[in-house]
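Participant: Handing you this structure, nothing more for now.
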Amino acid sequence: MIRAQIRISTPNKVTSRSLVASVEPDNLNMKGLKVRGRALDRSAYFTLEFGGKIETFISTLDDLLRCLQAARETLEKVSN
């Protein structure tokens, strides 16, 4: 089993919740992969577990990070 943890600093819990919700649809029905997101006061926390090849896990992790980056940039623009 391969595991990773990601913590992203946010200005507040509302932003944390939005980040967690932004990747929620991608987490459905993915064989062998579990992604759990949790919104904290000033951070969004993600735990990933995968029971397959490391190459697939790295690609999935890269995809998740890109999605989170896009969501965070969008939230920053709409907040200002």
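Nothing in this text is a laboratory measurement; each read-out follows from the coordinates by a stated rule. Since the structure is predicted, the reported quantities are computational estimates derived from the model, not experimental observations. Glycine gets a Cβ as well: all are built from the backbone with ideal geometry, and neighbour counts include every protein chain shown.
Participant: So what is the 222 nm mean residue ellipticity for the chain from helices alone, if each DSSP H run of at least 4 adds -39500 (n - 2.57) and you divide by all residues, rounding to the nearest 500 deg cm²/dmol?
Facilitator: -15000 deg cm²/dmol
Participant: Shifting gears a bit: Would you pull out the residues with amide H under 5 Å of Leu40's amide H, same chain only if 5 or more places away, H placed 1.01 Å from N?
Facilitator: Amide H neighbours of Leu40: Tyr45.
Participant: Calculate how steeply helix 54-79 sits against the longest principal axis of the alpha-carbon atoms of the chain, using the helix alpha-carbon long axis, and give the answer as 0 to 90 degrees to the nearest 10.
Facilitator: 10
Participant: Starting from the Kirkwood Rh over alpha-carbon pairs, what translational D in µm² s⁻¹ does the chain have by Stokes-Einstein at 20 °C and 1.002 mPa s?
Facilitator: Estimated diffusion coefficient is 166 µm²/s.
Participant: Let me ask something else. In nanometres, what is the gap between the two model label sites at Met1 and Glu49, each 7 Å from Cα along Cα-to-Cβ?
Facilitator: Inter-label distance under the simple model: 0.3 nm.
Participant: Could you give the nm distance between label points at Arg36 and Ser9, where each point is 7 Å from its Cα heading toward the beta carbon?
Facilitator: 2.6
Participant: While we're on this one: Does anyone have the angle between helix 13-22 and the longest principal axis of the chain? Alpha-carbon axes, 0 to 90°, nearest 10?
Facilitator: Value to nearest ten degrees: 40.
Participant: How many lysine pairs in the chain, separated by 8 or more positions in sequence or lying on different chains, have Cα atoms less than 26 Å apart?
Facilitator: Taking the chain as the scope, the lysine pair count is 4.
Participant: While we're on this one: Most exposed first by the Cβ proxy, i.e. fewest other Cβ within 10 Å, how do Leu19, Leu75 rank?
Facilitator: The order, fewest Cβ neighbours first, is Leu75, Leu19.
Participant: Positive end of the charge dipole of region 21-80 (Lys, Arg +1 and Asp, Glu -1 on Cβ, about the Cα centre): tell me which of Gly52, Val78, Leu68 has its Cα farthest that way.
Facilitator: Gly52
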